[in-house]
Each structure stands twice: as structure tokens, then as C-alpha cells.
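Data first, discussion second: the structure below is written as C-alpha cells.
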Amino acid sequence: VPIKRAVRAETQQLIVIDHREVELSRYAQLWIRPYPGTDGLVLSGILKLIIDAGQTDDDFLSKNAEGWDELVASLEPFTLDRVSAESGVPQDQLRQAAEIYSNAEVSAICFGLDSAAPGTRRMTSRAIANLAVVTGNIGKPGAGVLPMYQGANDQGAWDMGIWPNSLPGHVMM
């Protein structure tokens, strides 16, 4: 409900990346429909576009991140042509997503990996985390990475620290 409310009030823009039509697709300024199993590829391509355009939060990165050169090198294969061809997402949509996300004062990524193809979840999760870090969208109000679990019971268990190896708020012991 808060996502829909913010989009309706025109205080936030919404990008949906899902090959399926989901309820939030109707509220999105940009609905990206990649081929199934290519979400991580699309997110890595968007990350590369943001870095190549110099839309990173250099102050945040210098204080909070390591491995910059390794990250940039790992994104070398994610050219706009390759990402578009392999994911089926038009290049202009990839550019638009990079622009919307990197130019927002505050951005949050809500994601569920329930539709991610087996073997792609790690790449997708890393791309999501890297997007938030390179744009400085960690640790400020309204920003961050918000995993959405399939069932409310799973979400509540993680949030409350009921899992035996975690504390409240997903802090691992």
C-alpha cells in the first residue's frame, strides 16, 4: 500500500522488473519485461550504465565500500547491446531505468526472488545490493534494499529475529 500511495501522490517513481504482469505493473512509470531468468543480467546492465554515466555517490563509496575496481571489471561483459539482446529489453528502457534510479534523491529496491530462475538468484541479489551501494541508497530514510519473502510468516520471522541464526531486522549472528 505505501508504494501505491507514493506513486499515486506522484512523490515517487516506480520501476517494475518482472516478466509477469503483477499488481504493481499498473502503477509503474516503467515496466521492464525481461525474458525469464535474465533479471540479474538486466540489473547488472543498469548498474553498468549508472557507473559509466558517472551517476555514483562517490562520497558514500569512499566511506563505505571496498572492491571498486573488481566491481567495475566484473561489469565489463554487460554491454548495452548484449544485455538488450539476451534479455529482450529495449535499450531505451535500460537507459530510462538507470536514469530514474540514479537521479532519484532516495531510492529503495523491493524485491522477491520467487520468480527468479534457479541459478540466477545470487547474481540478481548481488546486482541489487551493488545498485543500492553505488548510488548511496543505504542507511538513509526511505532508501535501501527490502527483500520480500513469499509468505507473511517468513517475512515476520525474519523481521522479528525468530530464525535461530538471526536477530531482529535480519541481523545474522
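The values are calculated or read from the model by the stated rules, or taken from the named source; none is laboratory data. Being a predicted model, the structure only gives us computed values, none of them experimental. Note that each Cβ is placed from the backbone with ideal geometry, even for glycine, and that neighbours are counted across all protein chains shown. These area figures cover heavy atoms from the full protein model, side chains too; ligands, DNA and RNA do not enter into them. Shrake-Rupley method; radii C 1.70, N 1.55, O 1.52, S 1.80 Å.
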request  = For D52 and L80, calculate 0.36 nm times their separation in residues minus their Cα-Cα distance, and state this gained length in nm to one decimal.
outcome  = 9.0 nm
query = So what are the three principal axis dimensions of segment 1-138 from its Cα atoms, in whole Å, longest to shortest?
reply = 38, 31, 26
query = Placing +1 at every Lys and Arg Cβ and -1 at every Asp and Glu Cβ, with all other atoms neutral, what dipole size does segment 24-121 have around its Cα centre, in debye to the nearest 20?
reply = 500 debye
query = On average, how much accessible surface per residue is there in segment 1-153, in Å², for a 1.4 Å probe, leaving out ligands, DNA and RNA?
reply = 58 Å²
task = Report, to the nearest whole %, how much of the accessible area of segment 10-109 belongs to carbon and sulfur atoms, 1.4 Å probe, protein only.
result = 45 percent
query = What aspartates and glutamates could a cross-link reach from K48, if we take a straight Cα to Cα line under 18 Å and drop same-chain neighbours fewer than 8 places away?
reply = D39, D57, D58, E66, D69, E70, E76, D81, E86, D92, E99
From the C-alpha gyration tensor of segment 1-79, square roots of 5λ in Å = 28, 19, 9
request  = Would you work out which of L131, Y101, A117 lies farthest towards the positive end of the dipole of segment 19-139? Charges go on Cβ: Lys and Arg +1, Asp and Glu -1.
outcome  = A117
